[in-house]
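Q: My questions all concern the structure below.
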Amino acid sequence: MVHYGEADVIVTLLTEEVGKIAALARGARKSARRFAAALEPMHTIRVTLDERPGAELLGLREAVVVRPRAHLLNDLERMNAAGQALRWVRAGSPSRTREPEVWAELEGLLERLEEPTSALPARTHLLASGLRLLKHFGYGLELDACVRCGKPCDKSRGAYIDAGQGGLICQSCGGGRSPAHHLVDAATRARLFAAASGKDGALAPDDTDIAEKLVNEALAAHAGVT
């Protein structure tokens, strides 16, 4: 959310129908009745928009919370995880392009972070979703074969991963010769693959650091995230 003028704000929204959009909420900083808590991040909201020919920004007429997430907002770890996911989505999603897989992944993550009895840490849910978001953005990591020559990698062996290049780099193709190449043992690679395939619980606590590096480096290479 960016303040604009004396009373307006510009908000970035991920919508189910048209993807990522920017909209101008006139008077949002003065009208609690019109927008109330609906423009806080983390909630799912229903919006009414105006589109004027030639205008860069849509107009936000109304926003109503349809799925509040109060538990998430009262837990710093969960809130930080949700905020990081929103930053990834904002960086990786093109404007005004419907992306149902991204929408579903983000909604699912927010629901898991809202669940008070979740057995997994918020960071585990975040990084598992991050690996899947890469796939939905078109930057999914190849963890079974070298991205340069296509040679399959023995599942019982460790391998070098270059997230910016899209996945595994075998030694014949230069694996290990760049600081961007991360050596990952066979068990960790299998857990990363399982998490990217939908199993949050596959990630061990020690896997989250390498998962975070891979997600951030892939987005830096493809979407300009720093």
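The values are calculated or read from the model by the stated rules, or taken from the named source; none is laboratory data. Because the structure is a prediction, the values reported are computed rather than measured. Here Cβ is always computed from backbone atoms with ideal geometry, including for glycine, and neighbour counts include all displayed protein chains. The accessibility values were calculated without ligands, DNA or RNA, using every heavy atom of the protein model including side chains. Shrake-Rupley method; radii C 1.70, N 1.55, O 1.52, S 1.80 Å.
Q: Pick out, from the range 1-97, the helices (runs of 4 or more DSSP H) lying fully within it that include 1 or more residues that are touching a strand residue (DSSP E or B) at 6+ places or on another chain (Cβ under 8 Å).
A: 32-35, 76-92
Q: Farther than 26 Å from His71 by Cα, open to solvent by 10 Å² or more (accessible area, probe 1.4 Å) and touching a Gly at 6+ places or on another chain (Cβ under 7 Å): which single residue out of Ala223, Ala190 fits that description?
A: Answer to the check: Ala223.
Q: Within the range 166-184, is even one residue in contact with a helix residue (DSSP H, G or I) (Cβ under 7 Å, 6 or more places away or on another chain), under 23 Å from His222 (Cα atoms), open to solvent by 50 Å² or more (accessible area, probe 1.4 Å) and modelled with pLDDT of 95 or more?
A: no
Yes/no per residue for (1) within 17 Å of Leu113 (Cβ to Cβ); (2) open to solvent by 30 Å² or more (accessible area, probe 1.4 Å):
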position	(1), (2)
Glu6	no, yes
Glu17	no, yes
Ala23	no, no
Glu51	no, yes
Leu58	no, no
Val66	no, yes
Leu73	yes, yes
Met79	yes, yes
Ala82	yes, no
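Q: Hey, can you tell me all the residues within the range 101-134 that are farther than 20 Å from Pro205 by Cα, surrounded by fewer than 15 Cβ atoms within 10 Å (Cβ to Cβ) and touching a helix residue (DSSP H, G or I) at 6+ places or on another chain (Cβ under 9 Å)?
A: Answer for the range 101-134, where residues must be farther than 20 Å from Pro205 by Cα, surrounded by fewer than 15 Cβ atoms within 10 Å (Cβ to Cβ) and touching a helix residue (DSSP H, G or I) at 6+ places or on another chain (Cβ under 9 Å): Glu101, Ala104.
Q: Another question about this same structure. So which residues in the range 201-220 are crowded, with 16+ Cβ neighbours inside 10 Å and either without any contact (Cβ under 8 Å) to a residue 60 or more places away in the chain or at positive phi (or both), if there are any at all?
A: Scanning the range 201-220 gives Ile210, Asn216, Glu217.
Q: Name the residues in the range 195-217 that are within 18 Å of Pro152 (Cβ to Cβ) and either among the hydrophobic types (A, V, I, L, M, F, W, C) or part of a helix (DSSP H, G or I) (or both), would you?
A: Answer for the range 195-217, where residues must be within 18 Å of Pro152 (Cβ to Cβ) and either among the hydrophobic types (A, V, I, L, M, F, W, C) or part of a helix (DSSP H, G or I) (or both): just Ala196.
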